[in-house]
Amino acid sequence: MLNRRQILAALGTTALASFAPSALFAAAAIKPDDTSALLVIDVQNCFLPGGSLAVKEGEQVVPVINRIAKTFSNVVMTQDWHTPGHVSFASVHSGKKPFETIDLPYGKQVLWPDHCVQGTDGAALSKDLAIPQAELIIRKGFHKDVDSYSAFLEADGKTTTGLAAYLKSRKIKRVFVAGLATDFCVAWTALDARKAGFEVYVVEDACRGIDTQGSLAKAWADMAKAGVKRIQSADIAASA
Ligand code: VGL
Ligand code: ZN
């Protein structure tokens, strides 16, 4: 009689290798349910090629987001929605250039090229998004003197957008975050979602970053520390 150890040894690594990956993959697939929502962050013309604050490879998130969105019954989109002359624009601070920082009453602010001005074509959502079931569009950053990277909370740290209350009233427990830019609006949204008590997944290949002054590495580190789960679109089970 072979004992357990001898059987395992006889099976050897080939048997394990051919068996384990698919089993692991199946176990790892995440299935969005009715308590899950996909948050599609700022997939707007200004952040896409030709836009005033174009994110490198930003257009590549669109097909990935369209694909994963099919697995969600709840999808919320956001739009960065600034006034003309918004405080986050370098153009309104004399002697300042885009990507420099200034101190504002609510803290440090990165200055940007003018972008996502209310009602302009640059502020429009990408026409290539194909998510007809999206149920809510949250606009943010519309107070002239306060920025809002996060879809939940403005940069003053206290003015809410109403999104947490909306999601809670819809019984959402888990949010999946995708879009632009990984290191600003995606990361701030993911961090605030954790603070609001949601289970949070950021879908890495459905996002692209700006990466200024180490912002991308810092964003991933902050998100890991806050318990945000970093996943790939392939980790989400294909729709039934
Ligand atoms: C964003 C910079 C300025 C973003 C918005 O969507 O990540 N970044 N405004
Ligand atoms: Zn903005």
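At a glance:
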read-out: Qualifying residue in the range 216-239 (condition: within 16 Å of ligand 1 (Cβ to nearest atom), of a type outside the set (Val, Ile, Thr), in contact (Cβ under 8 Å) with a residue 60 or more places away in the chain and not in a loop (DSSP other than H, G, I, E, B)); value: no
read-out: Out of Lys127, Lys96, Lys168, Lys108, sole residue that is free of Cβ contacts under 8 Å to residues at least 40 places away in the same chain, among the basic types (Lys, Arg) and under 18 Å from Asn45 (Cβ atoms); value: Lys127
read-out: Residues located in the range 192-210, provided they are open to solvent by 40 Å² or more (accessible area, probe 1.4 Å) and under 11 Å from the mean Cα position of the chain (by Cα); value: Glu204, Asp205, Arg208
read-out: Failed condition for Phe152, given (1) surrounded by 18 or more Cβ atoms within 10 Å (Cβ to Cβ); (2) away from ligand 1 (no atom under 16 Å from the Cβ); value: (2)
read-out: Test: residue in the range 79-96 that is away from ligand 2 (no atom under 16 Å from the Cβ) and among the charged types (D, E, K, R); value: no
read-out: Test result for Gly179, at positive phi, part of a strand (DSSP E or B) and touching a residue at least 12 places away in the same chain (Cβ under 8 Å); value: yes
read-out: So Lys108, is it more than 26 Å from Ala69 (Cα to Cα), open to solvent by 70 Å² or more (accessible area, probe 1.4 Å), not hydroxyl-bearing (Ser, Thr, Tyr) and not in a loop (DSSP other than H, G, I, E, B); value: yes
read-out: In the range 121-135, residue surrounded by the fewest Cβ atoms within 10 Å (Cβ to Cβ) [restricted to those that are assigned to a loop (DSSP other than H, G, I, E, B) and within 16 Å of ligand 1 (Cβ to nearest atom)]; value: Ala124
read-out: Residue list for the range 41-63, restricted to those being surrounded by fewer than 18 Cβ atoms within 10 Å (Cβ to Cβ) and over 22 Å from Thr212 (Cα atoms); value: Pro63
read-out: Residues (more than 18 Å from Ala221 (Cβ to Cβ) and in a strand (DSSP E or B)) located in the range 182-202; value: Glu199
read-out: Condition broken by Gln118, with the remaining ones in (1) away from ligand 1 (no atom under 15 Å from the Cβ); (2) surrounded by fewer than 17 Cβ atoms within 10 Å (Cβ to Cβ); (3) within 22 Å of the chain's Cα centre (by Cα) satisfied; value: (1)
read-out: Meets criteria (aromatic (Phe, Trp, Tyr) and touching a Lys or Arg at 6+ places or on another chain (Cβ under 9 Å)) for Phe198; value: yes
read-out: Residues of the range 94-105 satisfying the condition of being within 16 Å of Asp145 (Cα to Cα) and surrounded by 15 or more Cβ atoms within 10 Å (Cβ to Cβ); value: Leu104
read-out: Tabulated pairs, the range 38-54, first within 13 Å of Lys127 (Cβ to Cβ) and away from ligand 2 (no atom under 13 Å from the Cβ), second open to solvent by 20 Å² or more (accessible area, probe 1.4 Å) and modelled with pLDDT under 95, C-beta under 6 angstrom, 6+ apart or interchain; value: none
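The values are calculated or read from the model by the stated rules, or taken from the named source; none is laboratory data. This structure is a prediction, so every number in the text was calculated from the model and none was measured. Heads up, the Cβs are rebuilt from the backbone with ideal geometry, glycines too, and the neighbour counts pull from every protein chain shown. All accessible areas refer to the heavy atoms of the entire protein, side chains included, with ligands and DNA or RNA removed. Shrake-Rupley method; radii C 1.70, N 1.55, O 1.52, S 1.80 Å.
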